[in-house]
Number of protein chains: 2
Amino acid sequence: MTAPLTVEEDELALLTDLYQLTMTQAYWREGMDDQATFSLFFRRLPAERRFMLACGQQHAAELVSRLRFGKRAIARLAETGRFDDAFLDWLANWRFEGDIWTLPEGTPVFANEPLLEVDAPIAQAQLLESLIMNLVQLETVLASKAIRLVMAARGRPVVDFGLRRMHGVDAAVRGVRAYRTAGLAGTSNVLGGLRHDLPLNGTMAHSYILAHDSEREAFRAFARHMPGTTLLVDTHDTLAGVREVIALLHEEPDLSIGAIRLDSGHLEELARSARQLLDEAGLDDVKIVASSGLDEHAIDALLAADVPIDAFGVGTQLGASADAPVIDLSYKLVEYAGEPRIKHSPGKANLPGRKQVYRHVDAAGRLAGDTIAGRDEQLDGSPLLVRSVTQGQPDPQTMALAESARERVAQTRQRLPESLTQLAPGDGNYPVTLSEALSARR
Amino acid sequence: MTAPLTVEEDELALLTDLYQLTMTQAYWREGMDDQATFSLFFRRLPAERRFMLACGQQHAAELVSRLRFGKRAIARLAETGRFDDAFLDWLANWRFEGDIWTLPEGTPVFANEPLLEVDAPIAQAQLLESLIMNLVQLETVLASKAIRLVMAARGRPVVDFGLRRMHGVDAAVRGVRAYRTAGLAGTSNVLGGLRHDLPLNGTMAHSYILAHDSEREAFRAFARHMPGTTLLVDTHDTLAGVREVIALLHEEPDLSIGAIRLDSGHLEELARSARQLLDEAGLDDVKIVASSGLDEHAIDALLAADVPIDAFGVGTQLGASADAPVIDLSYKLVEYAGEPRIKHSPGKANLPGRKQVYRHVDAAGRLAGDTIAGRDEQLDGSPLLVRSVTQGQPDPQTMALAESARERVAQTRQRLPESLTQLAPGDGNYPVTLSEALSARR
């Protein structure tokens, strides 16, 4: 009875808004095939973010470069009765043959800066809109949350426990790609971690404790099976649970226990008391892992108070970026047939023409501000947008930037001005200006 | 270079948290195979919800009933070095052979009520946890948002425009299933709508206007191609756009235009002025569709003020249920080897044993309150949980309840007490009590 969970590659082109197809049919009937440029950007940062970490745009560019309307897709469109047979024949042969400029994966991005620009005949560029937006939003939203957790943890590992809170199967798998880019240390998500090369982490669940006759027997069994494991101590009473761990290690000193995990209650008090109990028992090598509804603010507060927690597991607040689960991306026509285009809707105006972003650094190497310019301008600073797809073909050299995103983000974190590393709401006063030529054009 | 977007059925079993597999290996080594019951529930409603609409649980039950660890999955697990070969052989033959009780799709559900219970040997029931939670959360979160939009719209159609804000490909497709259940009138999402039988809707984008030499020529071309279409009038100036529509229809009275769409600005003023302009031009059959960051509160305010809007398109606030993007579901061991189990973690205690929920109605047929009871109790009211899977096999009769969910939800909406139809934050004072026997057991 149920539909499949997956979307095969020959159906992916149907993951679009109906108007993309009806507009394309209209362009086709009108013979409109001039070169267009569409720009992907957001007008405002979420109140809870000082920057977004642009992720997924190179993956999206590569994916749409091979988008096709397969036989099954064409047949389903025919069934809707909305399309001419001749248009569907044309669609069956549709190929993306344009260029796609993108920020490298893992670039901090601010309001009105393009994450991606597509140059192509309008009927090619228009058809990419919905899928690109869906793909880029997911990774950008999740990575932008994850990097805040990493910053809050001051070098301590943060592990993704969010699979159960993520929005479906694709989010759960592809989201781990964003977490990897952002710098999380590991994930509990087996398929996500295996596919996207992030170390797997796991502890134990309360059910395991409850299925045994006593907490100590559960700890004993699990530690025997999984040397170096993390034991969950809060099923009944956290500090009593810690004492059970200590008693177990006195009974069986050869057992290896890597850490205990606190998953409820007042984490500051419990972590301090647990640390004291463990240290008094000579178990200063047993680490403390905390979870339980944590977000970057809670982690920051715990570490600001020097609470002895060595690692954090984050699920509920991470899995859907609960405080800022969407970014209001726009994909707007900015040039057609050689002429800049602009809309004037109140609060929704956009910058005309093809663009480039130049990023400036201060003497200490820190990010100092950006200039949004026309793509043909040559300004000081580093141009950020790279051509990821040329005439329909992914460029191996620029695509390699996606592979090195995690390392680049780790360096970028050290180069953020202090105002961007703050976690409180508020903009980071990061200066983004328009070039003179772009100002004049607007 | 990029990993596939899809998860094939032979890999789906790997979409789990590592600890499910390590705990299962421990159960297997310990020879623990007694019958367990796990219960899926949430402890608290989100502050922005008065009830959740339980969705996805029958789909999840069917899907996990055929879960297998295929060769590829076993090979990947072997590579991790964490599992015995003998355990992996056992896992390759692993089958779910238990029972799954669920609420029918589209049932309003409250704190501490099971959405689903699994009865099976512990190593079978444990392995379903992460996937069931991921699947049920997505549909439940999205349906619970969507039904609020439907209630706010007082019978006017609400259409999903959320594809670009949904979290990835699976959310975008399967989410439409939840929207269908909740009562949305249509979707812009082609693949989602085709797969889950929700009518497709589409208007036009600003890019289409901007690619033409003038707004009027764009309107003319699109209306010729798509009789009965909706024209987007806010690209430059909304009321000027409405006048262009009127002028076009005076020039070409045979053109058929179904509606205009407002997508920015002060919707109340613009809709009233647009309605007046259209009516004065004798175009009272041209409807007004509004979009632009709408949520249930905005829709409710517009209709409470009798603003002449005939239909609503909702994207950003719907696609990830932005005000309540996660529900803190728990999947807890409540019985093992015939004994009720319970954990005591502060704020995270659970109800012991297998359960049933009885729903009571008042004389007018409205929902009046629930009693959570042991599954073996016989109480007044209607028992809600049905057995969707028996000894590993989906039950066709109860699974048919998933097919009729949309119709049942439409009826349920008429049977909600007024306190549950309010949109403001606050609990609905809906009485959920425990049976005497369950109270005593706890």
**Study point:** Subset of the range B:342-360 (residues that are of a type in the set (Val, Ile, Thr) and either free of Cβ contacts under 8 Å to residues at least 24 places away in the same chain or open to solvent by less than 40 Å² (accessible area, probe 1.4 Å) (or both))
**Key:** B:357
Check your understanding: Does residue A:220 qualify as being at pLDDT 95 or above, closer than 21 Å to residue B:346 by Cα and basic (Lys, Arg)?
Key -> no
Practice item. Return a yes/no flag: does the range B:98-111 have any residue that is touching a residue at least 12 places away in the same chain (Cβ under 8 Å), crowded, with 23+ Cβ neighbours inside 10 Å and either among the polar types (S, T, N, Q) or assigned by TED's automatic domain parsing to the domain that holds residue B:178 (or both). Key: yes
Check your understanding: Is it the case that residue A:82 is open to solvent by 10 Å² or more (accessible area, probe 1.4 Å), more than 9 Å from every other protein chain (Cβ to nearest Cβ) and basic (Lys, Arg)?
Key -> no
Check your understanding: What single numbered condition from (1) among the basic types (Lys, Arg); (2) open to solvent by 10 Å² or more (accessible area, probe 1.4 Å); (3) under 25 Å from the mean Cα position of the chain (by Cα); (4) at pLDDT 95 or above fails to hold for residue B:29?
Key -> (3)
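Condition check ((1) more than 29 Å from residue B:325 (Cβ to Cβ); (2) within 14 Å of chain B (Cβ to nearest Cβ); (3) of a type outside the set (Gly, Ala, Ser)) across all residues:
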position: A:248; (1), (2), (3): yes, no, yes
position: A:270; (1), (2), (3): no, yes, yes
position: A:282; (1), (2), (3): yes, no, no
position: A:316; (1), (2), (3): no, yes, yes
position: A:320; (1), (2), (3): no, yes, no
position: A:326; (1), (2), (3): no, yes, yes
Review point. Do we have any residue at all in the range A:392-405 that's open to solvent by less than 60 Å² (accessible area, probe 1.4 Å) and touching a Leu at 6+ places or on another chain (Cβ under 6 Å)?
Key: no
Review point. How many residues are more than 7 Å from chain B (Cβ to nearest Cβ) and among the β-branched types (Val, Ile, Thr) if we restrict to the range A:163-178?
Key: 1
Review point. Are any residues in the range A:197-223 touching a Phe, Trp or Tyr at 6+ places or on another chain (Cβ under 8 Å), at the interface with chain B (Cβ under 10 Å from one of its Cβ atoms) and not β-branched (Val, Ile, Thr), and if so, which ones?
Key: A:202, A:204, A:205, A:207, A:208, A:210, A:211, A:218, A:222
Point to revise | From the options A:63, A:53, residue that is open to solvent by less than 20 Å² (accessible area, probe 1.4 Å) and either within 11 Å of another protein chain (Cβ to nearest Cβ) or at pLDDT below 95 (or both) | key: A:63
Revision key, fill the gap. Of the residues in the range A:113-145 that are among the small types (Gly, Ala, Ser) and more than 8 Å from chain B (Cβ to nearest Cβ), the one that is farthest from residue A:69 (Cα to Cα) is A:144
Review point. Which of (1) closer than 21 Å to residue B:353 by Cβ; (2) open to solvent by 60 Å² or more (accessible area, probe 1.4 Å); (3) within 14 Å of chain A (Cβ to nearest Cβ) is the odd one out, the single condition residue B:389 does not satisfy?
Key: (2)
Check your understanding: Is there a residue in the range B:361-372 that is out of contact with any strand residue (DSSP E or B) (no Cβ under 7 Å at 6 or more places or on another chain), more than 14 Å from chain A (Cβ to nearest Cβ) and touching a residue at least 12 places away in the same chain (Cβ under 8 Å)?
Key -> yes
Practice item. Count, please, the residues in the range B:224-236 that happen to be surrounded by fewer than 24 Cβ atoms within 10 Å (Cβ to Cβ), more than 7 Å from chain A (Cβ to nearest Cβ) and not hydroxyl-bearing (Ser, Thr, Tyr). Key: 3
Point to revise | Single residue of B:271, B:281, B:290, B:324 found to be without any contact (Cβ under 8 Å) to a residue 40 or more places away in the chain and under 19 Å from residue B:147 (Cα atoms) | key: B:290
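The values are calculated or read from the model by the stated rules, or taken from the named source; none is laboratory data. What you see is a predicted model, and the numbers here were worked out from it, not measured in a lab. Ideal geometry is used to build each Cβ from the backbone, glycine not excepted, and the neighbour counts take in all protein chains shown. The area values use the complete protein model at the heavy-atom level, side chains included, leaving out ligands, DNA and RNA. Shrake-Rupley method; radii C 1.70, N 1.55, O 1.52, S 1.80 Å.
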